[in-house]
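Have a look at the structure below, then the notes.
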Amino acid sequence: LIKGFVFDLDGVITDTARFHYQAWKKVAHDELGIDINPAVNEKLKGVSRMDSLNVILKFGGKENAYTDTEKREFATEKNDLYKSLIKQMTPADILPGISNFLQAITKAGYPMSLASASRNAPFIIERLELGEYFAAIVDPATLSKGKPDPEIFEKAADLIHSPYADTVGLEDAVAGIEGIQRAGMFAVGVGKPEVLGKADILFPDTAHLDLAKIEAAFAE
Ligand code: B16
Ligand code: MG
């Protein structure tokens with residue numbers, strides 16, 4: 001039986017990827033002389049702040065051009081810009097169907113926690129006014145490895161005392177689905193079959209998420 005749900009944030013609960021992209025695009029252009037494109041942006045999803053910077057530097061052929069101190073400054077500048085963008089977020093930025101889905105899970109009595117790589121996740125949850133639904137949020141500063149390592153999902157399940165085999169994880173990224181499955185959990189994908197074909201159950205978008213279907217697929 002299902003004992004708990006662990007959620008990714010960006011791409012499942014809200015679309016913060018567009019703000020990450022906007023902030024990285026400016027810092028990459030202004031500070032690094034690198035012009036990133038949507039294909040690079042795809043590679044930043046679910047990846048930590050520093051790793052995102054490294055992806056961009058590699059794309060621009062500048063992976064060894066800066067000291068660690070300089071890199072930290074670029075990351076801080078990006079985050080300051082990002083924070084000014086997410087300040088404008090409101091509950092209207094919750095993805096379609098998510099509010100109803102969270103309500104249904106709560107009504108069914110399952111605890112939920114957040115497995116987001118973002119250090120800004122608590123602030124975003126507050127802006128979206130979804131704090132009441134999540135019993136816990138993993139602090140990514142405590143992680144030694146990023147997705148697709150299962151660590152973040154295991155911590156999220158531990159925080160709500162949900163045994164891994166009885167936990168359902170939701171993700172929109174390949175690395176996230178892999179992490180959920182490596183943790184021994186049931187993976188719910190949100191996205192295209194070409195990308196997320198490995199998920200245990202797949203929904204084309206958040207509006208189609210259906211708790212009864214997940215429970216039935218889990219019980220199979
Ligand atoms: P921050 P998720 C991830 O969120 C984003 O997808 C990724 O683009 C970002 O770099 C990462 O959080 C770190 O975010 O700079 O705010 O700490 O998909 O794991 O919810
Ligand atoms: Mg995501």
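Looking at this structure, is PHE19 of a type outside the set (Val, Ile, Thr), surrounded by 14 or more Cβ atoms within 10 Å (Cβ to Cβ), under 14 Å from the mean Cα position of the chain (by Cα) and within 14 Å of ligand 1 (Cβ to nearest atom)? Against the criterion (of a type outside the set (Val, Ile, Thr), surrounded by 14 or more Cβ atoms within 10 Å (Cβ to Cβ), under 14 Å from the mean Cα position of the chain (by Cα) and within 14 Å of ligand 1 (Cβ to nearest atom)), PHE19 qualifies. Whether a residue is in a loop (DSSP other than H, G, I, E, B), within 18 Å of ASP172 (Cα to Cα) and either away from ligand 2 (no atom under 16 Å from the Cβ) or touching a residue at least 24 places away in the same chain (Cβ under 8 Å) (or both) was assessed, and SER99 does not pass this test. Restricting the search to helices (runs of 4 or more DSSP H) fully inside the stretch 1-96 and requiring at least 1 residues that are on the phi > 0 side of the Ramachandran plot and modelled with pLDDT of 95 or more gives an empty result. Against the definition (under 26 Å from ASP93 (Cα atoms), of a type in the set (Gly, Ala, Ser) and surrounded by 15 or more Cβ atoms within 10 Å (Cβ to Cβ)), how does GLY60 come out, yes or no? So GLY60 fails the test. State whether one or more residues within the stretch 57-71 are aliphatic (A, V, I, L, M) and under 29 Å from VAL195 (Cβ atoms). Yes, there is a match, as at least one residue in the stretch 57-71 is aliphatic (A, V, I, L, M) and under 29 Å from VAL195 (Cβ atoms).
Residues checked against (1) free of Cβ contacts under 8 Å to residues at least 12 places away in the same chain; (2) not in a helix (DSSP H, G or I):
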| residue | (1), (2) |
| --- | --- |
| ASP158 | yes, no |
| SER162 | no, yes |
| GLU178 | no, no |
| GLN181 | no, no |
| VAL195 | no, no |
| LEU202 | no, yes |
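The values are calculated or read from the model by the stated rules, or taken from the named source; none is laboratory data. None of the values given here were measured: they were computed from a predicted structure. Here the Cβ is made from the backbone with ideal geometry for all residues, glycine too, and neighbour counts use every protein chain on show.
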